[in-house]
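Step one of this worksheet: look at the structure below.
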Amino acid sequence: MRPNLHPRLVNGRFGDPGLFVEMLHRREALLFDLGDLSPLSTRDLLRVGHVFVTHMHMDHFIGFDALLRVSVGRQKTIRMVGPRGFADRVHHKLLAYEWDLVDRYEADLVFETTEMLAHKRTRRARFRFKRAFAREDLDEAEAPDGIVAAGDGFTVHASLLEHHGPCLGFAVAEPEHANVWKVRLTERGLPTGPWLQALKRAVGQGRSGDWPIALPDGTNVPLGRLRDLVTLSEGQKIAYVTDVGDTPANRAAIVRLARGADLMFIEASFAASDADRARARAHLTTRAAGEIARTAGVRRVEPFHFSPRYEGEEARLLAEVEGAFRGEA
Ligand SMILES: [Zn+2]
Ligand SMILES: [Zn+2]
C-alpha cells in the first residue's frame, strides 16, 4: 500500500525539533513543533493548517514568527495545539507587534488554540487578525481518547507527558482504507461509479449483511452479497515524542500513545553513557528511546533532537537506538 502520510524532520536529527507532514493528494500539511522553520519554503508554510507544539521551550516555539509572517494578509485559520499556558504564550507572541494597519486588509487570519489542560480535558481560545489578535475565550471540553484535532483523512491524539513542566506527545493516524477489488467487480459484471462509495462506507461502518446497497440501475442488493468486493486495511500511524524525562509514568503513556505506529519520531538527546545528564535535563537517552519504541511495537524508529555535543557521532547514536530497539542492549 502506498503511504499517504509523508513526514520529514525540518532540521535533521541535530537541529531544532520540527516535523513537517504532507498528505498525499491534499494541500494541507501538519507541523509538529515550531523550532527554526527557515528550511521550509513559503509554499510549505502556507500549507500548514494544523500545528502541534509539545511545550514552549524556545527550540520548539521560536518558529512561530516565521509562520505568522507568511500568513498575515491571508484568509486562513490555523489550528494550534499545546499544553497548559499555550494560549497565553501565543498571545504574547502576537502582542509583540503593532497591528494598526489591520483595516487595510480584507482577509482575516485566525489562530485557534487548543490547550490540553489535563488528561482528555481541553480549552480553546481564538485570536483574529481583524481584531488585532485580541483574545477570545471559547469552550472547555472533554477530548475523548485524547483526540485534539481531526481533519480530512487524519486524526491526532495527544498525551500529557512530563518534562520540566507539562509536555505533549502526539500521534497522527489515518482512518482505515477501504479498497474495492476491481477484478471481482468486472467478473460479476458490476459497474464502477459513486455507488461504490456507499458500499465502502457500509463495510467500514460494519453494517449487517442485510443492509441494502443501491446499484446504479436502481436495484437494492444486500451488503452480504457484495462484502467480498471490499477489503479494509489499517491506515498509517506516526508518533512524535520529544523532551520527556525517563520516568515509568512517561514510558507507560508514550507506549499507549505510540502503540503499533508505523513510524515513531522520538528524541534521543543523550548517549546511553550519559544517562545522568539526561536525567538532570529530563530528556531521554538513545537506549531509553530504543526501548520505548520496542515496547510500543512500532515498525520503525526515527530518533532526533540529538544534543550538539555529539556532533560528528550520529552513526554511534543511531546504532545505540537501533540496538535497544532490537533488544540487543
Ligand atoms: Zn527541546
Ligand atoms: Zn524542552
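Taking the criterion of being out of contact with any Leu (no Cβ under 8 Å at 6 or more places or on another chain), open to solvent by less than 40 Å² (accessible area, probe 1.4 Å) and within 16 Å of ligand 2 (Cβ to nearest atom), the residues of segment 246-287 that qualify are 282, 283, 284, 285.
Would you check if there is a residue in segment 210-219 being β-branched (Val, Ile, Thr) and surrounded by 18 or more Cβ atoms within 10 Å (Cβ to Cβ)? Yes, there is a match, as at least one residue in segment 210-219 is β-branched (Val, Ile, Thr) and surrounded by 18 or more Cβ atoms within 10 Å (Cβ to Cβ). For residue 230, the requirement of being open to solvent by less than 50 Å² (accessible area, probe 1.4 Å), farther than 24 Å from residue 53 by Cα and more than 16 Å from ligand 1 (Cβ to nearest atom) is met.
Only one of 248, 212 is more than 16 Å from ligand 1 (Cβ to nearest atom) and under 23 Å from residue 179 (Cα atoms). Can you tell me which?
Residue meeting the stated conditions: 212.
Filtering 31, 37 for residues that are assigned to a strand (DSSP E or B), within 16 Å of ligand 1 (Cβ to nearest atom), within 18 Å of the chain's Cα centre (by Cα) and assigned by TED's automatic domain parsing to the domain that holds residue 153 leaves a single hit, 31. The single condition among (1) more than 16 Å from ligand 1 (Cβ to nearest atom); (2) of a type outside the set (Lys, Arg); (3) within 22 Å of residue 9 (Cα to Cα); (4) more than 23 Å from the chain's Cα centre (by Cα) that residue 293 does not meet is (4).
Could you tell me which of the residues 55, 91, 60, 6 is surrounded by fewer than 16 Cβ atoms within 10 Å (Cβ to Cβ) and either within 16 Å of ligand 2 (Cβ to nearest atom) or outside the structural domain of residue 289 (by TED's automatic domain parsing) (or both)?
Just one listed residue meets the conditions, 6.
Take segment 215-233 and flag every residue that is of a type outside the set (Ser, Thr, Tyr), in contact with a strand residue (DSSP E or B) (Cβ under 8 Å, 6 or more places away or on another chain) and under 19 Å from residue 177 (Cα atoms).
Scanning segment 215-233 gives 223, 226, 229, 230, 232.
Considered as a group, the residues in segment 40-54 that are part of a loop (DSSP other than H, G, I, E, B) and under 16 Å from the mean Cα position of the chain (by Cα) include one that is nearest to ligand 1 (Cβ to nearest atom), and that residue is 54.
For residues that are open to solvent by 70 Å² or more (accessible area, probe 1.4 Å) and out of contact with any helix residue (DSSP H, G or I) (no Cβ under 7 Å at 6 or more places or on another chain), scanning just segment 180-191, find the one that is farthest from residue 215 (Cα to Cα). That would be 183. Where strands (runs of 3 or more DSSP E) fall wholly inside segment 125-243, the ranges with 3 or more residues that are within 16 Å of ligand 2 (Cβ to nearest atom) and within 28 Å of residue 32 (Cβ to Cβ) are 154-162, 166-173. Please specify each residue of segment 288-329 satisfying the condition of being open to solvent by less than 40 Å² (accessible area, probe 1.4 Å) and outside any helix (DSSP H, G or I). Those that are open to solvent by less than 40 Å² (accessible area, probe 1.4 Å) and outside any helix (DSSP H, G or I): 298, 301, 302, 303, 304, 305, 306, 307. When 204, 224 are checked against the criterion of being surrounded by 11 or more Cβ atoms within 10 Å (Cβ to Cβ), outside the structural domain of residue 161 (by TED's automatic domain parsing) and within 30 Å of residue 20 (Cα to Cα), a single residue qualifies: 204.
The values are calculated or read from the model by the stated rules, or taken from the named source; none is laboratory data. All values derive from a computational prediction rather than experimental measurement. So basically every Cβ, Gly included, is an ideal-geometry build from the backbone, and we count neighbours across all protein chains shown. Surface accessibility is based on the protein's heavy atoms, side chains included, excluding ligands, DNA and RNA. Shrake-Rupley method; radii C 1.70, N 1.55, O 1.52, S 1.80 Å.
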